[in-house]
Amino acid sequence: MDWLTGYVRTIRQYLATPKGCHDAKDYGRALLYMLLTMVGGLALLAGLEGGALTP
């Protein structure tokens, strides 16, 4: 379990740096855009005539 503690400590140290903080924000924003795109695509498919998401 010591290896997990080491990973967590390393990630926390990286996120404490200006570059790490900037990278985390960029990755978070990219993840949000991907999720919104997937939800929008599903909403578009569900709204099509006949409801493409229903069997």
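The values are calculated or read from the model by the stated rules, or taken from the named source; none is laboratory data. A quick note: this is a predicted structure, and the numbers were derived from the prediction, not measured. Just so you know, the surface numbers come from the protein's heavy atoms only, side chains and all, with ligands and any DNA or RNA stripped out. Shrake-Rupley method; radii C 1.70, N 1.55, O 1.52, S 1.80 Å.
Quick notes on this one:
- Counting only alpha carbon atoms, the long axis of helix 2-15 and the longest principal axis of the chain meet at about 80°.
- Alpha carbon Rg of the chain, scaled by the compact-globule rule 2.2 N^0.38 Å: 1.90
- With Cα atoms, 0 to 90° folded angle of helix 18-47 axis to the chain main axis: 10
- Dividing the summed -39500 (n - 2.57) terms of all DSSP H runs of n ≥ 4 by the residue count of the chain sets its mean residue ellipticity at 222 nm at -28000 deg cm²/dmol.
- On the chain, 71 percent of the accessible area sits on carbon and sulfur atoms, based on a 1.4 Å probe.
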